[in-house]
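**Q** One structure follows; several queries about it will come next.
The values are calculated or read from the model by the stated rules, or taken from the named source; none is laboratory data. Since we're looking at a predicted model, the values are computed, not measured. Cβ sites come from the backbone with ideal geometry, for glycine too, and all protein chains shown count toward neighbours. Only protein heavy atoms, including side chains, enter the accessible area calculation; ligands, DNA and RNA are left aside. Shrake-Rupley method; radii C 1.70, N 1.55, O 1.52, S 1.80 Å.
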Amino acid sequence: MAELERGFAGQVLLPGDEGYDRHRSVWNAMVDRRPAVIARCTGRGDVATAVRFGRARGLEIGVLCGGHSILGLPVTDGGLLVDLSPMDAVRVDPVGRRAWVQGGALLGALDRATQPYGLATTAGNVSHTGVGGLTLGGGMGWLARAYGLSCDNVTSFEMVTADGDVVRADAKENADLYWGLRGGGGNFGVVTEFEFRLHQVGTRSLLVDLYFLPEDAAAVLSGWRELIGDAPRRATLTAWVGTTDDWPHLPPALHGRPLAGVGYVWVGDPDEGRRLLPALRDLGSPVAERVRELSYLDLQTMDDSAEGHTRRRYWKGHYFREFPDDAVRAFLARGAADAPCLPSAGLQSYGGAIADVADDETAFSHRGTLVEFVAAARWSDPAEDAERIAAARRYAASLEPFAAGAYVNALTDEGETGVRRAYPEEKLARLTALKDRYDPGNVFHLNHNIPPTSRGRAY
């Protein structure tokens, strides 16, 4: 370890050291792997030193930011975990509407730094997600229909390569890498800084949810689907099906019951957002509803999990260009109406500014998506692992005949099949050429991997 620690400003952790177990844990308690060493980096110099050390010692290298990979891909047994989480600084230029975000920052840090000026950029819906992982895979969030995906708002990247060199990528410098980092995942190197374009969004938002009995929800969801095309860009339409908890916005009689819901999130003046509410109420008679004004910061933390890394998790996702009535019925059936441990699922509308970007402009694909589907399961008992995972797979399989692609950030254990669903063949060829240039040895393979040509294997 003396070799690594020379010139390394961060913290080096070995098994048995205080903090080792905390820093190897991720947002899924099923992941329990033990790196040989954790290098907690404080800047790009530390990242470069760690990468060179790992390569010289023949260690498998994983890169950790927020730890939201459902498979815990960065955490390698017996290898080197490059932990970016100490690199969490965010610098804001409110006049130029730019933010410079270090590679280990979480979404909440970005939001907290920009909101005092009424500014924001597209970020995900959970504030403890890493900016890096979200953005490199695309980056869907409540602002995407108005301002594009997270990756659409990056004006430049700073990246450490597999050789330990530092490169910059933007529209003029290393433009091919700039293209690939906007949706191609962590395949090409370790991004140590993002420069984001910011937007004047204000500090207010509106949340709307209308709840229905599942047997009454098919017609409601069909009508909700028809609202997407004409919805204002500041509205992101949502739908949900699952079993409720003891949520305070529902009466006790509806706790622990299967329900379905439709609604939307509006970022901006809540009074303006309420104009969409009558069209939603016209779809049916809900058993309950929630209409809530909240700050943008509260919106961005609303779905945060207080359970942290203690729950076991699994999910499956699809993209849909259309969502026909048969898909609506499959969505409501949750895979099998009489099976135990059914996962919940949600739909989130795309379109707007997402579709304004030409499909070949970034590595991110499927810009013609109408809605994204994610079926999510979470539980505590390891004895339920097989049953819970099988239920989520069964649910996703029931909707697969209607699907048209997948979001790379929602992939789990699909392997080659999943990567091919996330990227069409012509983009895979271009991404492989980038991999050949920047990481021909596939050093960065603990991801939804696009291997280099030299590996001679399928994607």
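**Q** Hey, with R₀ at 45 Å, roughly what FRET efficiency would ALA355 and HIS255 work out to, going by the Cβ-Cβ distance, to 0.05? Write down the numbers at each step before the final one.
**A** Numbers: r = 39 Å, r/R0 = 0.86.
Calculated value: 0.70.
**Q** In terms of Cα to Cα distance under 22 Å, which lysines are near enough to LYS435, apart from those fewer than 8 places away along the same chain?
**A** Within the straight-line cut-off, LYS435 pairs with LYS172, LYS427.
**Q** Of the listed peptides 215-225, 174-184, what is their order by residue-averaged count of other C-beta atoms within 10 Å, with the highest listed first?
**A** Numbers: 215-225: 18.5, 174-184: 22.2.
Highest to lowest by the protection proxy: 174-184, 215-225.
**Q** Using the beta-carbon distance between ALA397 and HIS309 and R0 = 25 Å, what value does 1/(1 + (r/R0)^6) give for FRET efficiency, to the nearest 0.05? If you can, show how the numbers build up before the last one.
**A** Values: r = 28 Å, r/R0 = 1.14.
Computed FRET efficiency for ALA397 and HIS309: 0.30.
**Q** Another one. Please determine, in degrees from 0 to 90 and to the nearest 10, the orientation of helix 385-399 with respect to the longest principal axis defined by the Cα atoms of the chain, where the helix direction is its Cα long axis.
**A** 60 degrees
**Q** Going by average Cβ neighbours within 10 Å, how do the peptides 264-270, 325-331 rank, with the highest at the top? Working shown, then result.
**A** On the way: 264-270: 21.9, 325-331: 18.4.
In decreasing order of mean packing, 264-270, 325-331 become 264-270, 325-331.
**Q** Could I ask something else about it? Please calculate the 1.4 Å probe accessible area of LYS316, with all protein chains present, and give it to the nearest 10 Å².
**A** Taking all protein chains as shown, LYS316 has close to 30 Å².
**Q** Something else: In the chain, what % of DSSP beta bridges are antiparallel (nearest 5)?
**A** Numbers: 70 of 78 bridges.
If I count the DSSP bridges inside the chain, around 90 percent turn out antiparallel.
**Q** If packing is taken as the average count of other Cβ atoms within 10 Å, what order do 76-86, 390-400 fall into, highest mean first? Each step should come with its number before you reach the end.
**A** On the way: 76-86: 21.5, 390-400: 19.2.
The most tightly packed comes first, giving 76-86, 390-400.
**Q** Could you check the spin-label model distance between ALA89 and ASP21? Points 7 Å from the Cα along Cα→Cβ, value in nm.
**A** Spacing of the two 7 Å Cα→Cβ label points: 3.4 nm.
**Q** Given a Förster distance of 56 angstrom, what is the FRET efficiency for ALA383 paired with GLU426, based on the Cβ-Cβ distance and rounded to 0.05? Write out the running numbers ahead of the final one.
**A** Details: r = 45 Å, r/R0 = 0.81.
Step by step, r from the Cβ atoms, then E = 0.80.
**Q** Over what distance in Å are the Cα centres of region 390-459 and region 166-192 separated?
**A** 18 Å
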